[in-house]
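For reference, the structure is listed below as structure tokens.
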Amino acid sequence: MNQYVERLYNGIIKENPTLILMLGMCPTLAVSTRAMNGIGMGLSTMAVLILSNLVISLLRKVIPDAVRLPSYIVIVASLVTVTELLIEAYLPSLYDALGIYIPLIVVNCIILGRAEAYANKVPPALAAMDGIGMGLGFTAALTMAGLIREVLGNGTAFGFQVLPESVEPIGIFVQPPGAFLVIALIIAIQNALGIRSRQRKLVESCDGCCGTCASSCDRVREGAAK
Amino acid sequence: MKNLILIVVAGALINNVVLNQFLGICSFLGVSKQMKASASLGGAVIFVITVASGVASLLYDYVLKPFDLDYMKTIVFILVIAALVQIVEMFLKKTSPAMYKALGIYLPLITTNCAVLGVALTNVQNGYNFIESVLSGFGTAVGYTIAIVLLAGIRSRINEEDIPAPLRGAPIVLISAALMSIAFMGFPGLSF
């Protein structure tokens, strides 16, 4: 049982995909304008992540090594399409708010990264648990960034007025620049507290993006060395 | 004609793909450390996004739409992009080794660059035809290149400055990006 709980702790705190591993920055920056959008995006991604981890773990002995990445992409893309249709049918307001970022879950590095780094090596239950942990960590980070931006930029939290009307909200925080600023500040605070983000080496040397480009990262480094 | 020019300018400056729509952030932050690498990646991105937009548009108009397979577009586009990048890589390797040497190592990175899929999907959403899609893809990719080359320039200056310890690394780069994004907010004021 312990290793399942450890997966949750690992995903939410120790290897938080957004804040520590710095994966999936695009949706983090793009949809964190409102705390509610953060939760919606986080949970949609989590649903895809749990299912993709589960399916890939179940098929780990079937998929030949040479074609594993295209296979993963097809699996993830199918799951994302299902999720997109479900959101469109049952949560139209969320569908409008997230827009193009729902289909873009396919290229979210967290999903292919976890498939490649973890799910294809372990039994299904553990892989699904890893999906839950990572999904919760991603949701928590997105919601935190969304909450900060919503309070500062709009004076509301989850749609409710929290700052008194007399305080003028700082509009820039719900605009695109605010996304960069808030994430920069969160990482700066983390650095000041001495929490090391693992990305530093990765991001600076290469794309830092995902499991898929790990091999191409090596080639970039070789290319740069020449 | 005016409409077509507007699509290119809007893609490159007004709706800048990185600073306004947050697509391709990973490579924007990762590769911008070196100016030369940034420019090469920019060249590869312009090439791939322009071709991918055209191919995706043709596929959508002549295969997916007539057969009512609209909902398959995410799966089809991502596979087409992945295959296309592979083909482009092999083609360059065979025909133009010099260009392959300059761009080749960046091509695999582009498969998972969300900007490519993002542009293809946006084009379909906006109902663009083939020419409009290609131009929109080209404009977007030029916007990406402008943003990454500018950031690379800023970062080469940052390296010589004394940055407060907690801000070193990713935070200062993100703050620079925020300032660039504020500057790019001026472009919607362009009137035609």
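Structural remarks
- One residue stands out in the stretch B:9-35 among those that are surrounded by fewer than 19 Cβ atoms within 10 Å (Cβ to Cβ) and more than 9 Å from every other protein chain (Cβ to nearest Cβ): the one that is nearest to A:Gly99 (Cα to Cα), namely B:Ile14.
- Considering (1) away from chain A (no Cβ under 11 Å); (2) without any contact (Cβ under 8 Å) to a residue 40 or more places away in the chain, the lone condition that B:Ile163 does not fulfil carries the number (1).
- Here A:Leu86 passes the criteria (1) touching a residue at least 12 places away in the same chain (Cβ under 8 Å); (2) assigned to a helix (DSSP H, G or I) except the one numbered (1).
- Some residue of the stretch B:59-76 being modelled with pLDDT of 80 or more, crowded, with 19+ Cβ neighbours inside 10 Å, in a helix (DSSP H, G or I) and in contact with a Leu (Cβ under 9 Å, 6 or more places away or on another chain): yes
- For A:Leu112, the requirement of being in a loop (DSSP other than H, G, I, E, B) and touching a Cys at 6+ places or on another chain (Cβ under 6 Å) is not met.
- When we screen B:Ala170, B:Ala152, B:Ala177, B:Ala183 for residues that are modelled with pLDDT of 85 or more and buried (at least 22 other Cβ atoms within 10 Å of the Cβ), the only hit is B:Ala177.
- If you check A:Ile132, A:Ile100 for being touching a helix residue (DSSP H, G or I) at 6+ places or on another chain (Cβ under 8 Å), hydrophobic (A, V, I, L, M, F, W, C) and at pLDDT below 90, only one passes: A:Ile100.
- Of residues in the stretch B:49-86 being among the β-branched types (Val, Ile, Thr) and away from chain A (no Cβ under 14 Å), the one nearest to B:Gly143 (Cα to Cα): B:Thr50
- Of the candidates A:Leu185, A:Leu181, A:Leu152, the single residue that is among the hydrophobic types (A, V, I, L, M, F, W, C) and surrounded by 19 or more Cβ atoms within 10 Å (Cβ to Cβ) is A:Leu181.
- Criterion: among the polar types (S, T, N, Q) and either more than 23 Å from the chain's Cα centre (by Cα) or within 13 Å of chain A (Cβ to nearest Cβ) (or both) - qualifying residue of B:Ser176, B:Ser156: B:Ser176
- Remark: A:Glu88 falls outside the filter, which requires a residue to be surrounded by 16 or more Cβ atoms within 10 Å (Cβ to Cβ) and among the acidic types (Asp, Glu).
- Pairs with Cβ under 9 Å, 6+ apart, first in the stretch A:172-184 and more than 7 Å from chain B (Cβ to nearest Cβ), second acidic (Asp, Glu) and part of a helix (DSSP H, G or I): A:Phe173/A:Glu150; A:Val174/A:Glu150
The values are calculated or read from the model by the stated rules, or taken from the named source; none is laboratory data. What you are looking at is a predicted structure, and each value in this text was computed from that prediction instead of being measured. Glycine also receives a Cβ, built like all others from the backbone with ideal geometry; neighbour counts cover every protein chain displayed.
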